[in-house]
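Each remark here refers to the structure printed beneath this line.
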Amino acid sequence: MALIELKDVTVAFEGVNAVEGVSFRVEKGDYLVMVGENGSGKSTLVRAMLGLVHPKSGRIVYGDGLKRNQIGYLPQQTAAQRDFPASVEEVVLSGCASRLGQSFFYGRELRERAAEKIRMLDIEHLRNASYRNLSGGQQQRTLLARALCATDSLLLLDEPVTGLDPAATQELYSVIRKLNREHGVSVVMVSHDLKGAMADATRVVVVDRGVSFFGGIDEYRAWSARGEAR
Amino acid sequence: MAHVLEKLFGSGAPDGGSRAARIALAAIAALAALLVLCNLGALGAAMGELRLYLGYGFIRRALAVGTLVALCAALLGVTLVLKRYSMIGDGLSHVGFGALSVASALGFVTADSLPGFLPEGWRSGIAALCGRIAGNPLPFALAVVIALAFLILRISERSSLRGDAAIALLSTSALAVGVIAASLSSGMNVDVMNYMFGSILALSESDAAVSVALPLAVIALYLLFCNRIFAVTFDEPFARATGTKVGRCNLLISLLTAITIVTGMRLMGTMLISSLIIFPALTAMRLFARFRDVLLCSAIVSVICFVAGILLSCLWAMPAGAAIVMTNLAAFLLFTLIARARG
């Protein structure tokens, strides 16, 4: 069974269909890259997969032990966030907020979970540093650690390398690759950076108000070569 | 100047230094502001006068209630400023003014002044209700401001009207309603002036119990839900996607803000109460970069500035609200200076 399966999903935004008849699936262990032009409906699909908007028709099925609110989401950063006065530890711990259940404060178990993710992302030395003083790459690592607090199985990354310099971009890709291959975290990445993102992808979905392509990376290469030839 | 400050406070990197030391630094800085201000007057004579003032029940009430409200405002302020909701405090205080004015205007309603087509029993019933509201306007103002707080939240979440524009519309309308109610009933008299700019005499003995209980409840709720409020403030889409009840959290923040404003506005004045929310948070953020430190520092600065403001207002017979805004401004400038000096 797939982690997420979209079955003929149509999502409307302010009365207009943003995407129509979308079907694809995310399997365990996948590194799926979602590409498409601006306005192709990528963001809408992301929001639908997270349950932030409801599809007009079709179904989104979560399986393999994944619940809808256990997706590790890495949103695009807002200006307000960049200068937020909070330590790295506080930000990462906030990823556990949904696990608080009936209690008000983070217990030992959740603190240990946050500490583990901080180690995993190699930001232990920044633990008490202020989020607003970090470089773009360090901020993304912090947010990745937070996302991992919320999930055990699937990361959903929305344009994670936007605004990063080339070196930081490569570094972030290698971090994500490590999470995918060594820690068995499935990855869905929305990206503009075709070349960089494709290097590690196992599957690709091309969105253009619907799905124009969905398949393995090799099929994608053949498909896009055919498109260029045309 | 920079050199002296560095000597005094150390020149550690923004993240260096122990937390306790930095909190102490904040307290010292605010105290220094107070002392500088007090020194401008004749300190010796002033102390004797202060002892005299503290003998009055109403001053002690104002100090007790005000300190609690200052604490609430400091905590909520951090969240509201970071959520870019600063204007909500301002908007709600205008609504509070409208509600208080309408309440006191209701005191002029008599059974005879109501339209004749209503049955006799209804007329006397309505008149009695109006009299009760005018006699004890706090619950009425609280209900109105809470209702409007929820409305503002809904508007800024759902409507195509932009949030700040919607708040401006609502708050100026409420202000207009208040002014009309006041001028139709008793004119722009001392009562109305007191609503606008606050009065240290505003808290009657009968109000004191409620005015202490409400802020205590606000502080308790805020601290209990602190972790969830942080998650929602830092990143609403993430919190929503991972199953935190974002809607309820925002409702809670609105509710607590409304209560804080209504309890504090008679003391501070509706025109000035929002400064109690915004100033300490901004001041704390000048120097501190951890959320917990910002909360703590904001609370300390807020209380110190409040007490200093009240004392100044006693000594120089200034309106309390205005004096408190000025001490807050002094603390803000001082912190800005220190932040500059430390680079």
Across (1) assigned to a helix (DSSP H, G or I); (2) touching a residue at least 40 places away in the same chain (Cβ under 8 Å), B:A289 clears everything bar (1)
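Could you tell me whether region B:54-65 includes any residue that is outside any helix (DSSP H, G or I), loosely packed, with under 15 Cβ neighbours inside 10 Å and of a type in the set (A, V, I, L, M, F, W, C)? Outline the logic, then answer.
Quick first cut of region B:54-65, residues outside any helix (DSSP H, G or I) only: B:55-56.
From what's left, loosely packed, with under 15 Cβ neighbours inside 10 Å: B:55-56.
The next check asks that each one be of a type in the set (A, V, I, L, M, F, W, C); those that pass are none.
No, there is no match, as no residue in region B:54-65 is outside any helix (DSSP H, G or I), loosely packed, with under 15 Cβ neighbours inside 10 Å and of a type in the set (A, V, I, L, M, F, W, C).
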Meets criteria (open to solvent by less than 30 Å² (accessible area, probe 1.4 Å) and not charged (D, E, K, R)) for A:S98: no
Hey, can you tell me all the residues within region B:226-238 that are at the interface with chain A (Cβ under 7 Å from one of its Cβ atoms) and within 15 Å of A:Y106 (Cβ to Cβ)? B:N227, B:R228, B:F230, B:A231, B:F234
Residue tally, condition surrounded by 12 or more Cβ atoms within 10 Å (Cβ to Cβ) and in a loop (DSSP other than H, G, I, E, B), over region B:113-141: 3
Mind listing just one residue for me: the one in region A:53-73 that is more than 14 Å from chain B (Cβ to nearest Cβ) and open to solvent by 50 Å² or more (accessible area, probe 1.4 Å) and, of those, farthest from A:E5 (Cα to Cα)? A:K56
Among the listed residues A:M49, A:M120, A:M34, which satisfies the condition of being more than 10 Å from chain B (Cβ to nearest Cβ) and either under 16 Å from the mean Cα position of the chain (by Cα) or open to solvent by less than 10 Å² (accessible area, probe 1.4 Å) (or both)? A:M34
So which residues in region B:239-274 are open to solvent by 30 Å² or more (accessible area, probe 1.4 Å), aliphatic (A, V, I, L, M) and facing chain A (nearest Cβ under 7 Å), if there are any at all? none
The condition of being more than 9 Å from every other protein chain (Cβ to nearest Cβ) and crowded, with 19+ Cβ neighbours inside 10 Å holds, among A:L156, A:L134, A:L148, only for A:L148
Identity of the residue in region A:78-108, polar (S, T, N, Q) and out of contact with any Gly (no Cβ under 6 Å at 6 or more places or on another chain), that ends up nearest to A:T162 (Cα to Cα): A:T78
If A:R25 satisfies all but one of (1) at pLDDT 90 or above; (2) assigned by TED's automatic domain parsing to the domain that holds A:R146; (3) open to solvent by 10 Å² or more (accessible area, probe 1.4 Å), what's the number of the condition it fails? (2)
Filter region B:208-225 for residues that are part of a helix (DSSP H, G or I) and within 9 Å of chain A (Cβ to nearest Cβ); which is farthest from B:L71 (Cα to Cα)? B:L224
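The values are calculated or read from the model by the stated rules, or taken from the named source; none is laboratory data. Nothing here was measured: the structure is a model prediction, and the numbers come from that model. Positions of Cβ are backbone-derived with ideal geometry, glycine not excepted, and every protein chain shown enters the neighbour counts. The area values use the complete protein model at the heavy-atom level, side chains included, leaving out ligands, DNA and RNA. Shrake-Rupley method; radii C 1.70, N 1.55, O 1.52, S 1.80 Å.
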